[in-house]
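Only one structure is covered here, and it is reproduced in the block below.
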Amino acid sequence: MNRATLTLLALLLICALSLVASQQRARKTFVALERAQVQERKLNQEWLRLEFEQRNLSKSARIRDVARHQLRMTPITPDRTLYFKEGL
């Protein structure tokens, strides 16, 4: 074999190894992308669940229910209202 053939063979081998390394990096990048997309979907679901929970907790009927039962608050009536006259 002559020198040119050996040089081309070495270049071909280097190109083949470079191609394999490049494909391996592409696979790793694709796997990382898939994992990130799965994580994004999980976080979006959690966000929607938290927004739904916040809307339910902030409804006025729920607030009234908590005020009446847990805090034992009652609606105000005119006979329970105290009026003070300003003394001059």
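Matching residues to (1) outside any helix (DSSP H, G or I); (2) not basic (Lys, Arg):
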| residue | (1), (2) |
| --- | --- |
| 7 | no, yes |
| 46 | no, yes |
| 49 | no, no |
| 85 | yes, no |
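If the requirement is being of a type outside the set (Ser, Thr, Tyr), assigned to a helix (DSSP H, G or I) and without any contact (Cβ under 8 Å) to a residue 24 or more places away in the chain, which of these qualifies: 13, 71? Working first, answer last.
Numbers: 71 fails: assigned to a helix (DSSP H, G or I).
Answer to the check: 13.
Given the structure, is residue 63 in a helix (DSSP H, G or I) and more than 37 Å from the chain's Cα centre (by Cα)? Spelling it out, it is not the case that residue 63 is in a helix (DSSP H, G or I) and more than 37 Å from the chain's Cα centre (by Cα). Checking 57, 82, 71 one by one, the residue that is surrounded by 10 or more Cβ atoms within 10 Å (Cβ to Cβ) and not basic (Lys, Arg) is 57 and no other.
When residues in the range 30-76 are screened for being modelled with pLDDT of 85 or more and β-branched (Val, Ile, Thr), 2 of them pass.
The values are calculated or read from the model by the stated rules, or taken from the named source; none is laboratory data. Keep in mind that what you see is a predicted model, and the values were worked out from it rather than measured. Here the Cβ is made from the backbone with ideal geometry for all residues, glycine too, and neighbour counts use every protein chain on show.
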